[in-house]
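These notes are about the structure you will find just below.
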Amino acid sequence: MELEETLNDLGHTVVGIAPDRRSFEAFADEDIDVALVDLNLRDGETGVGIGRALADRRAAVVFVTANPGLLRDGVAGTIGVLPKPASRKAVADVVEYAGRRSPLLSPPGELRLFA
């Protein structure tokens, strides 16, 4: 909910919050530019699968988790991981970076990019 408030305050439109895989399916076909995805959801570690599904649909996916080490070498098609807790500024910087997807932009310091 805090991420949703931060994104709304920054002028972004939040398509929805998915606390589990089933909830994600309800809006999976929406046009999603940037997705912030946690690893551990209500139904277990389903975040990686959701992140892959979103990346396959051309969304810029950044994982946001308190356990970034679980992602080891990353997830194909996704951008990276932002460790929690993350400040409002870190979230804003990561969303801007992910939304632009420009190789000319330097990634925010808090974001760990996947290879």
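Applying the condition of being open to solvent by less than 60 Å² (accessible area, probe 1.4 Å) and either in contact with a Leu (Cβ under 9 Å, 6 or more places away or on another chain) or small (Gly, Ala, Ser) (or both) to segment 73-82 and asking which residue is farthest from Met1 (Cα to Cα) yields Gly74.
Among the residues of segment 15-41, those that are closer than 21 Å to Ala66 by Cβ and in contact with a helix residue (DSSP H, G or I) (Cβ under 8 Å, 6 or more places away or on another chain) comprise Ile17, Ala18, Arg21, Phe24, Val34, Ala35, Leu36, Val37, Asp38, Leu39, Asn40, Leu41. Of the residues making up segment 1-15, just one is surrounded by 13 or more Cβ atoms within 10 Å (Cβ to Cβ) and over 20 Å from Glu30 (Cα atoms), namely Thr6.
Yes/no per residue for (1) modelled with pLDDT under 95; (2) under 12 Å from the mean Cα position of the chain (by Cα); (3) charged (D, E, K, R); (4) not in a loop (DSSP other than H, G, I, E, B):
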{"position": "Ala26", "(1), (2), (3), (4)": "yes, no, no, yes"}
{"position": "Glu30", "(1), (2), (3), (4)": "yes, no, yes, no"}
{"position": "Val61", "(1), (2), (3), (4)": "no, yes, no, yes"}
{"position": "Thr78", "(1), (2), (3), (4)": "no, yes, no, no"}
{"position": "Pro85", "(1), (2), (3), (4)": "yes, no, no, no"}
{"position": "Gly99", "(1), (2), (3), (4)": "yes, yes, no, yes"}
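Cβ-Cβ contacts under 9 Å between residues 6 or more apart (or on different chains), taken from a first residue in segment 33-50 that is under 16 Å from Leu3 (Cα atoms) and without any contact (Cβ under 8 Å) to a residue 24 or more places away in the chain to a second residue that is of a type in the set (A, V, I, L, M, F, W, C) and in a helix (DSSP H, G or I), are listed as Leu41/Phe24; Leu41/Ile50.
The values are calculated or read from the model by the stated rules, or taken from the named source; none is laboratory data. These numbers come from a predicted model, not from an experiment. Every residue, glycine among them, receives a Cβ derived from its backbone with ideal geometry; neighbour counts consider all protein chains shown. Ligands, DNA and RNA are stripped out before the accessible areas are found, and what is left, the full protein with its side chains, is counted by its heavy atoms. Shrake-Rupley method; radii C 1.70, N 1.55, O 1.52, S 1.80 Å.
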